[in-house]
Amino acid sequence: METLHVHLGARSYDICNEPGLLDRCGALAAPLLRGKRCFVVTDSNVAPLYGQRVLDSLRDAGLEPRLLTVPAGEASKSPAMLAELWEQLAAGGVTRADSIVALGGGVVGDLAGFAAATMLRGIDYVQVPTTLLAQVDSSVGGKVAVDLEAGKNLAGAFYQPRLVLMDAEVLNTLPDRVFSDGMAEVIKYGCIQNADLFARLERLGSRAAVMAEITDITTACCDLKRQLVEQDERDTGLRMLLNFGHTLGHVYEKAYHYERYTHGEAVAAGMVAAARLGCRLGYTEDGVEARIAALLAAFGLPTEISVTRADCEATMRLDKKALDGDIRFIFLRQLGCAEAVRLPLDTLLAQL
Ligand code: GLY
């Protein structure tokens with residue numbers, strides 16, 4: 001089993017990664033949990049695939065699990081669904097010693113994590129991510145949230161899990177488009193922090209080849225994220241490097257009303273555009289844009305999404321990295337090396 005330890009003082013935890021781990025999640029989680037009762041929050045896609053295995057494993061370890069299933073899809077990441085979960089937890093007699101197991105992709109992890117952060121002012125939770133995107137990104141680092149009418153993830157908290165359990169076998173049931181969605185974030189780690197990972201992905205070049213080495217690859221990604229989270233848990237500095245491709249990615253997602261492109265697809269095109277802008281503004285080495293575009297295309301991801309300048313301006317002025325007419329934009333110096341640069345938003349917009 002690959003194990004990483006996220007060092008965050010009293011909020012430290014392990015990330016355990018092994019094919020077949022789903023059947024051992026009870027044995028791994030039980031020693032960390034104080035109460036016997038645990039609420040497995042999942043969605044209507046994941047429940048029929050993996051719900052019973054997780055319940056059996058938790059029961060075999062002496063825990064008393066209950067399944068709470070929300071409808072699959074982003075619409076469940078809402079204040080209304082959060083309130084419904086609170087009510088279900090309260091009706092189930094939750095105490096501060098009890099826990100939540102978040103079994104699913106990013107929507108379930110963010111929603112269940114936020115329920116854990118707020119129920120009784122905080123109960124323990126375990127992340128069991130079932131998508132590639134959740135395994136390499138959202139399950140690690142403690143960002144939990146729900147969406148508001150005004151925008152995504154606007155109500156949330158930093159609340160670290162007690163444990164993250166990853167099982168690569170669950171990725172086999174993902175549709176290709178959902179797998180590629182996660183590959184955009186995998187490729188992002190290569191871009192910002194690890195040129196060897198980037199070159200390895202170039203050599204692999206297909207889902208099947210990546211799956212042959214997937215546990216090692218997802219562990220490498222989590223290790224890169226671990227290092228940033230340990231240095232900047234609350235996202236005020238270094239952790240922002242994880243936003244490479246995301247400033248424009250958010251523009252694309254929003255311009256198409258979050259319907260046409262997945263998050264990973266929008267980030268993919270955002271990374272290519274960020275490399276191009278970096279080259280034009282003298283931050284990024286020549287040739288980086290072409291390599292990123294070729295790698296993304298190999299995994300079926302878009303390399304260009306067209307939007308108007310007005311779309312860019314409107315979304316970027318509201319970006320969390322915007323400051324008094326400036327924006328902190330993540331540029332690559334070269335593959336494997338990223339930097340946050342503060343520059344006037346107008347300078348950036350003029351290059352689009
Ligand atoms: N997904 C970006 C972060 O966790 O900071």
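Quick look at the numbers
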quantity	calculated
Under 5 Å, built H, 5+ apart or other chain: amide partners of Leu67	Val40
Given charges at beta-carbon only (K, R positive; D, E negative), |dipole| of the range 1-127 in Debye	380 debye
Footprinting exposure proxy for Cys312, Cys191 (fewest neighbouring C-beta atoms within 10 Å first)	Cys312, Cys191
Sequence-distant lysines (8 or more away, or on other chains) whose Cα lies within less than 24 Å of Lys321	Lys77, Lys143, Lys152, Lys188, Lys225, Lys254
Principal-axis tilt of helix 176-193 within the chain, Cα atoms, nearest 10 degrees	60 degrees
GluC sites (Glu not before Pro) restricted to the range 168-253 and DSSP loop, no more than 14 other C-beta within 10 Å	Glu213
Gyration tensor verdict on the range 112-184 (Cα atoms; rounded if a/c is under 1.5, prolate if a/b is larger than b/c, oblate otherwise)	oblate
Considering only the chain, percent of DSSP beta bridges that pair antiparallel, nearest 5	45 percent
Selection from Cys222, Leu201, Cys191, by position along the positive dipole direction of the range 175-238 (Cβ)	Leu201
Crossing angle, helix 106-118 versus the chain [Cα axis fit, 0-90 degrees, rounded to tens]	60 degrees
Value of [θ]222 nm, deg cm²/dmol, for the chain, DSSP H segments ≥ 4, -39500 (n - 2.57) each, nearest 500	-12500 deg cm²/dmol
FRET efficiency estimate (nearest 0.05) - Cβ-Cβ, Leu49 to Ala209, R0 22 angstrom	0.35
Charge dipole magnitude, Cβ of K and R +1, D and E -1 - the chain, Cα centre, debye nearest 20	520 debye
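Bear in mind these aren't lab numbers, they're just calculated from the coordinates by the rules spelled out. Here the structure is a predicted model, which is why all the values come from computation and not from measurement. Don't worry about glycine lacking a Cβ; one is built from the backbone with ideal geometry, like all the others, and counts go over all protein chains shown.
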